[in-house]
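Undergrad: Questions regarding the structure given below will be posed in turn.
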Amino acid sequence: MHELLLFGQIPASRHDQVLNILAGVAAMQPVPILEKHLVFKPNKLSSSTRPVQVGGAQDIQKTQQALLAQTQGDLFYMQLVTDVAETLPKPLAEESMEMKVIGSGNCLPSETEQHGSMASSFTGANPTDETVNSEKWILQFRDLPEVARQRPVTSRLMADTPITSGSPMDFMSALDYTHTSTYALSGHRFTHLSTSLLLYRLLLPSNRTEQASHLSKIDISHAHLLDPSGMYILQAAVRVQDGSKVEAMTKGVNELLGLKETLKGVVEMEPGERLALDTRVR
Amino acid sequence: MAEALSLSLQAFPSVDKEKQSLQYLISRIDQQKGPFRSVTEDNLEEEIQVLNSSETVAGQDDTLETVEGAEEAESKNEDIFTAREGILKQIRQATAESSMALDFVSLLLSKQSPATAQSTMSQYLKATLPLGVLGGEVVQMPQLPDLERRHQEMVSIGWRMQSLNKVANSLLNSASRLEEEVGRETTYWSQVLAVKEKRWPLSRLPREKHTLAVRYGFAEAYSDFRDRGLAALRRDANGSLSLDHGFTSNGHRQLRVRILRQGRPIASTMNATTSIPGDGSVEKEISSARDSIFDEELHHEIHREARNLVNQGVRCIDNSVLIPFESDKQIEIDLVPSKDSASEDIQNSSPVVANIATSLRILLSYAHRQSLRNRSEKPPPLRESRARRPLYAILKPVIEYFQHRSHVQSIHAFLEQLHKILAVAGMDLSIETAGSFQSHVIASLVNNKPYDSAVETLIKQLTSPPHSTMTLQLPDGATNVIIDIHTALHPPTLGTSFLVTNENIPPESPIAQLPQSMQFSSFAPLESHLLHLSTLSILHHLLSSFDDWRIFSPHSNSIMRTRRGSRDRDMASVVLDKERLALNWQRNGRFSDQGTWTWDTLGLQGGGEKRSLSNVFESLC
């Protein structure tokens, strides 16, 4: 699957206004999201530098070379993601939705208040490891974006694999990946045609131990922002089933550009910096 | 003549050679009368007549005025255009006059101070005339006679007064015109405000940026209907608000549900006069436009769905959808102009049709709600092929409900009949019906989970396949038969299915040898199965009372006994059908000694002999 992306930045002071505008553009109420991201790093294969055997059939050598290229090629970080907001008990989720009804003239409750309520219910809902394991985890892979020569948007290969059963942590260690860091994504989601609009901020757990241990809850009320200025990121993403189909890709690009035009003067949407979105292990 | 004069801000026109030239005249005519194409002999003559009839001096201004007067009938735009032309012309003339005056003064001064004068001279003058050729000296004004002077003063005062009056009048006219305009605008905006206060969303018309529009369509409707749900709020001549639906509107229409028997309507939704809330005419119009567009969409969606329900006997003929109803009737759904309600001749308003219409509308609203929910989900990845718009389930629940109801009713009627027959024969068959539609709804509302809204629960009851349960207690007094009736219009059943489960069977009963549960997909086999079950139960009842009898063969309806010391045997069989219960017996295997005893409901009515089955059987023994 391919993903086409545009990004924009909004200062925290304009957040409520932009939320209102996006609600109007998408003609729907914002859906609050709170995602927990665990970043995994592959362990390098030490035996990959084995010298090529001389002699033998040419075929064997070819396959060995291919294998070698694979093992010596780039290795990528992967993420395990779970939506914490979805696992909230339903009445609470609805209550918090009602609080944030846009367009009726009501002011939004302050950001900390939202997070506070979410975090408290989150900690209340998942007191044990069992419930943590019952969360729906998604294994996310994102490729290095393609060189932006032809398209005015960022495009990259992606794969989201839902983990339906079993322990995701065991699975990752079996894949020879180690957990390196944890962060949380908090914000709102909209859907406009086939575009998924995400207005979010990234949060880091407050202390070292929380950052290291993957299963512990993230206490949002104490987490600090990755960007201390409080800027929000608006991400517009279109997923395309098959990136080699030009027609579908063009459709996706046109939709994103149309959205960019609509949001002109509200948020300036630009393609992302390619190397900043690099997911390769250095 | 004096009162026609007006004070002009222009200098007196000086007679100029140039102004007589053909080139100047052509351009002047062009400016005054427009292109030559429009200047015909006829309209020139007409103009002259107008000129003559009004006592005006043929001055330049007055000509303009008369021309304007003649063109009063023409559109406002043209008026403005001519006025603009007039102003431009005057400006041009003023420029020409002033530059000429400047040249004149410069030339005069060029004798005294040539350097200064030269700087203000035009190129043309410098080229044509040498400097200092014009001289000037002070001359004494010729003494006018007093009388003459006074006359001149009077004339000039008169001119001035008249012009001032004219200006004042035109200002007053403008003021009153503006006042009217303000009045109109006030009415318009107060009406717009009234619409807004009724919570109608107002927006700009996408194609005309300066026009207000009211949105009465539904955001989740199919794009054709969603885009049409917008009407411009225009101001008509007297300032009141009028709705402009554009070209798409073809009058308000309404969904009509009728019940037809042999093609003739016997009930209709249309005779009920629906009153739309809102006193103002505009609000009423917006409301009825909304109702109309909703019904049009409903009709469209019903049609789409009906094409896929042909297997249920649904037919689409022209604009109407026909659904079979209660064996000999049909439900007809079509779209008719709202105004035709008066012409409807049926006076019978059945609650059924009204309820059908209400359910259909509720189901479309629910479909809208579902579509918003689906739209708000994370979008699926883009593919080459376009996803097809899903069909709404609007007719399906209604058809399911009626089909289910008719099946339950016919089972009930059948069982009631059976109950009567058995009662005549002195046996009891108790029937318990559970799971009627209403009881389901009430139960679900009582057991409502805290986060499900009542509306959703109700709708779920309406859309989920209907299900009823009947429990029979058979005449042997122990066995319970549970009939589960499910109706679902999707595969694999595509209709109603009946599941018959036997419970509490005494082990010695012949019913114990039958499968414990059986499924039927049509009514006739179910009937015969139930009759068979009842027959077996009656046999079991007899066997338990008369010890020496035993069953003839499994699954048969006959019992027999062999008398001690005799080779002959007595046979008895029970025959139960929809009309009667019959007991056939044959004593000692002889055809001469046989007979039949019958119980039916006629006997019950006629007050005939009321002997119970066991009584009769006992006497036969």
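Undergrad: Quick one: angle between helix B:523-545 and the longest Cα principal axis of chain B, in degrees between 0 and 90, rounded to 10, please.
TA: Around 30 degrees separate the two axes.
Undergrad: Counting Lys and Arg as +1 and Asp and Glu as -1, each charge on the Cβ, what is the dipole of chain B about the Cα centre in debye, to the nearest 20?
TA: Details: 66 positive and 77 negative charges, 605 e Å.
Once rounded to the nearest 20, the dipole reads 2900 debye.
Undergrad: May I ask you to evaluate 6.51 cos²θ - 1.76 cosθ + 1.60, the Karplus curve with θ = phi - 60°, for each residue of the range B:206-217 and list the ³J(HN,Hα) values in order in whole Hz, giving x for glycine and proline?
TA: x, 8, 10, 5, 9, 10, 7, 9, 10, 9, 10, x
Undergrad: Using only Cα atoms, tell me the angle between helix B:41-53 and the longest principal axis of chain B; keep it within 0 to 90° and round to the nearest 10.
TA: 70 degrees
Undergrad: Any lysines with Cα under 22 Å of the B:K111 Cα? List them, leaving off those in the same chain fewer than 8 positions away.
TA: Leaving aside lysines fewer than 8 places away in the same chain, those within reach of B:K111 are B:K126.
Undergrad: Let me ask you something else. Around A:L75, with a cut-off of 11 angstrom between Cβ atoms, what is the net charge of the other residues, counting Lys and Arg +1 and Asp and Glu -1? Intermediate results must be reported in sequence, preceding the final value.
TA: On the way: positive: A:K41, A:K44, A:R280, A:R282; negative: A:D74, A:D176.
Around A:L75, the surrounding residues sum to +2.
Undergrad: Helix B:76-109: angle to the longest alpha-carbon principal axis of chain B, degrees 0 to 90, nearest 10?
TA: 30 degrees
Undergrad: What residue among B:L576, B:L489, B:G477 has its Cα farthest toward the positive end of the dipole of the range B:397-620, where the charges are +1 on Lys, Arg and -1 on Asp, Glu, each on the Cβ?
TA: B:L576
Undergrad: Another question, then. Rounded to the nearest 0.05, what FRET efficiency is calculated for A:Q17 and B:E208 with R0 set to 35 Å and r the Cβ-Cβ distance? Before the final figure, lay out each step's value.
TA: Details: r = 28 Å, r/R0 = 0.79.
The value I calculate is 0.80.
Undergrad: Given q = 0.06, 0.08, 0.09, 0.10 Å⁻¹, what are the Debye log10 I(q)/I(0) values for chain B, with equal point scatterers placed on the Cα positions and solvent ignored?
TA: With no solvent term, the Cα-only Debye profile gives -0.65, -0.87, -0.97, -1.06.
Undergrad: Here's another thing I want to ask about it. Where does the charge balance sit around A:L259 when Lys and Arg score +1, Asp and Glu -1, over other residues with C-beta under 14 Å from its C-beta? Provide the component values of the computation, followed by the final result.
TA: Values: positive: A:K251, A:K260, A:K264; negative: A:E255, A:E261, A:E268, A:E270.
Its environment carries a net charge of -1.
Undergrad: Further question: Quick one: go through the range B:73-94 and flag any residue whose amide nitrogen is under 18 Å from the point 7 Å out along the Cα-to-Cβ line of B:R184.
TA: Counting backbone N atoms under 18 Å from the label point, the list is B:73-81.
Undergrad: Greater than 20 Å separation of Cα atoms is the criterion. Which listed pairs, B:K329/B:K460; A:K36/A:K264; B:K198/B:K284; B:K19/B:K166, meet it? Write down the numbers at each step before the final one.
TA: Working: B:K329/B:K460 28 Å; A:K36/A:K264 31 Å; B:K198/B:K284 11 Å; B:K19/B:K166 30 Å.
Going by Cα-Cα distance, B:K329/B:K460; A:K36/A:K264; B:K19/B:K166 fall outside the 20 Å limit.
Undergrad: Going by how many other beta carbons lie within 10 Å of each one, how would you line up B:I157, B:I411, A:I138, fewest first?
TA: Details: B:I157 10, B:I411 22, A:I138 16.
If I rank by nearby Cβ atoms, fewest first, I get B:I157, A:I138, B:I411.
Undergrad: Net charge near B:H532, counting Lys/Arg +1 and Asp/Glu -1 over other residues with Cβ under 15 Å of its Cβ?
TA: Taking every Cβ under 15 Å from that of B:H532, the sum is -2.
Undergrad: If neighbour count is taken as other Cβ atoms inside 10 Å, put B:F523, B:F402 in order from fewest to most.
TA: Working: B:F523 14, B:F402 19.
Ranking B:F523, B:F402 by Cβ neighbours within 10 Å, fewest first, gives B:F523, B:F402.
Undergrad: Work out the mean other chain Cβ neighbour count within 10 Å for the residues of B:381-393 and drop it here as an integer.
TA: 4
Undergrad: Could you tell me how far the Cα centroid of the range B:452-466 sits from the Cα centroid of the range B:181-240, in Å?
TA: Result: 36 Å between the Cα centres.
Undergrad: Take the alpha carbon atoms of the range B:125-284, find their radius of gyration, then divide it by 2.2 N^0.38 Å using N residues; give the quotient.
TA: Cα-based Rg divided by the globular estimate yields 2.30.
Undergrad: In addition: Over the Cα atoms of the range B:397-620, what Rg and Dmax result, in angstrom?
TA: Computed over the Cα atoms of the range B:397-620, radius of gyration and Dmax are 21.3, 77 Å.
Undergrad: On to the next question. Before rounding to the nearest 500, sum -39500 (n - 2.57) across all DSSP H runs of length at least 4 in chain B and divide by the residue total; then give [θ] at 222 nm in deg cm²/dmol.
TA: -15500 deg cm²/dmol
Undergrad: Report relative contact order for chain B in percent, whole number only (criteria: Cα-Cα under 8 Å, sequence separation at least 6). Write out the running numbers ahead of the final one.
TA: Working: 749 pairs, mean separation 42.3, N = 621.
Rounded, it is 7 percent for chain B.
Coordinate-derived values only; no laboratory data. Just so you know, these numbers come straight off a predicted model, no measurement behind them. Glycine gets a Cβ as well: all are built from the backbone with ideal geometry, and neighbour counts include every protein chain shown.
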